[in-house]
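Quick notes on the structure that follows.
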Amino acid sequence: MTDADALARDGATSESIAGVRILVDVRDDRTGSADAPRRVAAMLRAEIVRALAPAGGSVAPGYPGRLLVGPRTLPHARPGDVVWGGGLGDALERRLVAVDGVDHRGAAGPMADRAIREAGGDASLGVVGDPLLLLGDLFPERVGDRGAAAGIGVVADVDDAEIEAVEGARRIVLEEDPWRSAEALAGCASIVTSSADVLAIADGLGVPVRLVRDAGTLRAHLDDHAFATGRGRTALAASVAEAMQDEPLAPAAFDAEALRAAFPAELWRTPRVSVVVPTANVATWVDECLDSLMTQELDDLEVIVVDDRSSDDTVALARAAARRDRRIRVVAGAVAGGGSARNLGVDLARGEYLAFADGDDLVPEGAYRALTEAGDRSGSDLVLGRFLKFSASKTWDPTRSWSVFKEDREAVDLVGEPSIIRGRACWNKLYRASWFRDEGIRFPDVPRSNDIVPVVTAYVRARTIDIVRDRVYLYRDRPGGTSMTAKAGQLRGLRSYLTQECLCLDLVRGTGDARLLDEYTRMIVQSDGWVLVTRVLEALTESSPEDEAAIADRMRALLGGLSPDALATLPMERAIVFSLIASGDLRGAKAAHAEHNLLDAARAIGGLERLVAASDALDAADADPALHSVLALASARVALAEVQSRARDAASAAAAVASIASRAPENGPRRDPRMGVVVEASLAGRHGVLERLSAVGGGGVVARTARRLGGGVQVEGEAPVALAGARLTVLAEPDAGGPVHALGQIEISDVEGEGSWSFAIGPGALADGVWRLQIAAGDDAAGPEAAFLSRLRWSAQPFSETSSRADRVAVHGRVGERYEVKLHAFPAAPRRAARAVARRLDPRLQRVVARAITGARSAAGRIQPSSASEANRAGD
């Protein structure tokens, strides 16, 4: 059924005024049909709306919100409607009130106002009265010269004989033309009526009225209007003659300016930006959020607060803010779920651009100005900017190292700039509203991650995207739930996240771009997916087979669709955790995750046997072969460690690795330059390779000392005596990425039953920077082990250093009981300067947040916003 059909069914009088649907009357169930007074009153209310609507204002076609005007409209309101001078008709007597999701700007009378409050709606706005009271104020020419008025007009369903019995009385027939009817009423010296509608028209025209009862009198409507005009409950005469024996009613008392001021003229405005703010129990922070929006350097702003069934004072505070600033609109109780809240806000938004803000966050001054200026210049569908995160104790910038924000950029796209995919929150962005709606982008109601699919959809479908370096959002990181109920909900959240992530994966794969899929894969396994898995496993106390099976199914679908190349590069301890989850072993994943390195993780779950069992489960579930590749690489590393520690012989370790790798694609494991060697040797049955490489791969080659020598650095170390006579190549890998440099070879010597080695790095051998040292097994030896690489480890004992100005080897990053070696090939002074900048970073970011909070707590009219660019440079 269309909206027009529904209105016709309800006997509604409605029309569209500049794009806004106006509902001015609905058939009353008691009378069963519309009568002439009601038709005329409805048409005159529409004329009043037309007069108050801003000249030239309009909204986009299809805007779903309606303006409800008149004493019978409120019971027919629906979420998103605005009610001005609305009432309940005969429903007032039955207390039937529809208030959920309705924005009340004033009631037809105090009884309707009280009923709204009793039903849980708005606190009283203090603005009551039928809009018909504004007739004389808006249309003085229709009133004419009251001094020329004469005669008694009767508008009531009474016998003509009653009228003829009163001297000077005549029946007034209300015509289809509302103004001819109004002129007929205005020409009377007084009026006798049984209709609250005619009473309201007469009060608006300043014509004295006497009331008579007839069969169609609606007492509740009549009383509500009487109270609204300061008269109190009024007695009704039984006949026209009896009515003429009484004095006319006292003139109506009402505040015309307040009634006009309550008119929602903003419905006809097209703001530059509509900000949708979903809220749910954020009473502690919602005032700061809304005040930060009201202090934007953008006057033409609309803020739509859509509340998701808050049980605290969130709604009351938001409505108080709306009374202070008419740019805020509050829709409460209409929806359940954050996704539905955002969708309703989008539907009701009238702005040229769309933005989203959560009710506990802040938007820094100048943010929307910076975003809109970029969108205006380029015409792009979407603009994104940087953001900060802050808590009670710290502030940090997650976008600081994000390459996409190195400079302002216009008209890029997702395929051309794949790293955009890493930012999937909806709130640090501006969307062109018409494009957003045309693409049909909607938010799902899911327990977790309800914005990742809509944002990825926007990225994929955007013709062009702009990037600004301004910080346009401040995200409040507040502690989450720690109760058992919250912990139990973590598994539902993980199921929800994985389901949403699979939809994102489909969108990414649909582009057909391999670089984008690689970037997306790294994001999942390095940040987004890993962070959520970490939170769930840390909170995990119990799980059901149903949860484990559902999560495993979704994890297999996700991992199986990721880029095999990128997936093979994830840290192997993470590979174990992801693989165990995909095999349905949440308990094993939790045990592995609790450890800090791969070998401890492997020991915690029982070593290679548990990994083989996970491979068997994946095989039984028909998982993507790429998962076996990842698991095979992890098992190769565990096999080396177990052989080195003599926990397992090389032959059985190789057999375990081979059982997993045999299920992987033929060339899958070989993509890894280290563990692929072990996998290939295991598949070929060459378990002797494990014996030779276990000493290297298990961290057996260890740096012990480093000292300045002849302008360079001399490094000495130890190795298993079993490697005596082996020649190893020392490589240097740039910490920031890039080609690997061979520094030379070392030969393992047997010195009194212990292996030792040394090598020198001459002055100028490496460019300035930070380098990681590696060991390559073999030089020109045959066999796969010739390409085997291992990170050089540093001994836990102190190292030697004779000069702070020398090139130096530093200890970085704990790995088991040993440390990775990094070579700093630049002077000490730049290092000190870099550390000083780092120490200053957090306090400067804190000041950005503090300034935003201070601004949010100030009255919007007193704020003198500064440039967004100036405010956001802190910490750059």
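Within the group Ala98, Ala6, which residue is part of a loop (DSSP other than H, G, I, E, B) and modelled with pLDDT under 85? Unique residue meeting the criteria: Ala98.
Against the criterion of being loosely packed, with under 15 Cβ neighbours inside 10 Å, farther than 26 Å from Glu47 by Cα and of a type in the set (A, V, I, L, M), Ala165 qualifies.
For beta carbons closer than 6 Å, sequence separation of 6+ or different chains, a first residue in the stretch 601-616 that is in contact (Cβ under 8 Å) with a residue 24 or more places away in the chain and a second that is surrounded by 17 or more Cβ atoms within 10 Å (Cβ to Cβ) and of a type in the set (Val, Ile, Thr), the qualifying pairs are Ala601/Ile576; Ala602/Val638; Leu608/Val638; Ser615/Ile660.
Selection of first residues in the stretch 493-504 that are within 17 Å of Met523 (Cβ to Cβ) and of second residues that are among the small types (Gly, Ala, Ser), restricted to Cβ pairs under 6 Å at least 6 apart or on distinct chains, gives the following pairs, ordered by first then second residue: Tyr497/Ser449; Gln500/Ser449; Cys502/Ala557.
Here are some residues: Val679, Val689. Which one is assigned by TED's automatic domain parsing to the domain that holds Ala568, of a type in the set (Val, Ile, Thr), at pLDDT below 80 and outside any strand (DSSP E or B)?
Working: Val679 fails: at pLDDT below 80.
The unique qualifying residue is Val689.
Filtering Leu301, Leu354, Leu317 for residues that are more than 18 Å from Arg851 (Cβ to Cβ) and under 18 Å from the mean Cα position of the chain (by Cα) leaves a single hit, Leu354. On the given criteria, is Leu354 in contact (Cβ under 8 Å) with a residue 60 or more places away in the chain, touching a helix residue (DSSP H, G or I) at 6+ places or on another chain (Cβ under 6 Å), surrounded by 22 or more Cβ atoms within 10 Å (Cβ to Cβ) and under 25 Å from Val20 (Cα atoms)? Against the criterion (in contact (Cβ under 8 Å) with a residue 60 or more places away in the chain, touching a helix residue (DSSP H, G or I) at 6+ places or on another chain (Cβ under 6 Å), surrounded by 22 or more Cβ atoms within 10 Å (Cβ to Cβ) and under 25 Å from Val20 (Cα atoms)), Leu354 qualifies. Looking at Thr270, Thr279, just one residue is closer than 11 Å to Glu302 by Cα and not aromatic (Phe, Trp, Tyr), and that residue is Thr270.
Would you pick out the residues in the stretch 67-81 that are surrounded by fewer than 24 Cβ atoms within 10 Å (Cβ to Cβ) and either under 27 Å from the mean Cα position of the chain (by Cα) or assigned to a loop (DSSP other than H, G, I, E, B) (or both)?
Residues of the stretch 67-81 that are surrounded by fewer than 24 Cβ atoms within 10 Å (Cβ to Cβ), as a first pass: 75-80.
Residues satisfying the conditions are Ala77, Arg78, Pro79, Gly80.
Under the condition of being within 30 Å of Tyr368 (Cβ to Cβ) and surrounded by 20 or more Cβ atoms within 10 Å (Cβ to Cβ), the residues counted in the stretch 244-271 number 6. Residue count for the stretch 138-172 under the criterion of being touching a residue at least 24 places away in the same chain (Cβ under 8 Å) and within 30 Å of Ala53 (Cα to Cα): the result is 6.
Scanning the stretch 207-235 for residues that are surrounded by fewer than 21 Cβ atoms within 10 Å (Cβ to Cβ) and polar (S, T, N, Q) returns Thr217, Thr234.
Remark: pairs (first residue in the stretch 644-664, within 17 Å of Leu633 (Cβ to Cβ) and modelled with pLDDT under 90; second residue part of a loop (DSSP other than H, G, I, E, B) and polar (S, T, N, Q); Cβ separation under 9 Å; 6+ apart in sequence or on different chains) are absent. Checked against (1) part of a helix (DSSP H, G or I); (2) within 36 Å of the chain's Cα centre (by Cα), Arg610 passes all but a single condition, namely (2).
Does Leu267 satisfy being touching a strand residue (DSSP E or B) at 6+ places or on another chain (Cβ under 7 Å) and either part of a helix (DSSP H, G or I) or without any contact (Cβ under 8 Å) to a residue 12 or more places away in the chain (or both)? Answer is yes for this residue.
A Cβ distance below 9 Å, combined with a sequence gap of six or more or placement on separate chains, defines the contacts here; from the stretch 407-428, residues that are in the same structural domain as Ala367 (by TED's automatic domain parsing) and on the phi > 0 side of the Ramachandran plot reach residues that are charged (D, E, K, R) and not in a helix (DSSP H, G or I) in the pairs Ala411/Arg463; Ala411/Asp466.
With respect to Gly230, is the statement that it is at positive phi and under 50 Å from the mean Cα position of the chain (by Cα) true? Please lay out each step first, then the result.
Values: at positive phi: yes; under 50 Å from the mean Cα position of the chain (by Cα): yes.
Criteria met by Gly230.
Figure legend. Inter-residue proximity from the stretch 304-317: first residues modelled with pLDDT under 95, second residues surrounded by fewer than 16 Cβ atoms within 10 Å (Cβ to Cβ), beta-carbon distance below 8 Å, spacing 6+ or different chains. Indicated pairs: Asp308/Ala336; Arg309/Ala336; Ala316/Ala123.
Would you kindly identify the strands (runs of 3 or more DSSP E) lying entirely within the stretch 394-487 that contain at least 2 residues that are over 23 Å from Asp513 (Cα atoms)?
Values: elements: 409-412, 429-432, 465-476.
The qualifying strands (runs of 3 or more DSSP E) are 429-432, 465-476.
The values are calculated or read from the model by the stated rules, or taken from the named source; none is laboratory data. The shown structure was predicted, so the numbers you read here are calculated from the model rather than taken from an experiment. Don't worry about glycine lacking a Cβ; one is built from the backbone with ideal geometry, like all the others, and counts go over all protein chains shown.
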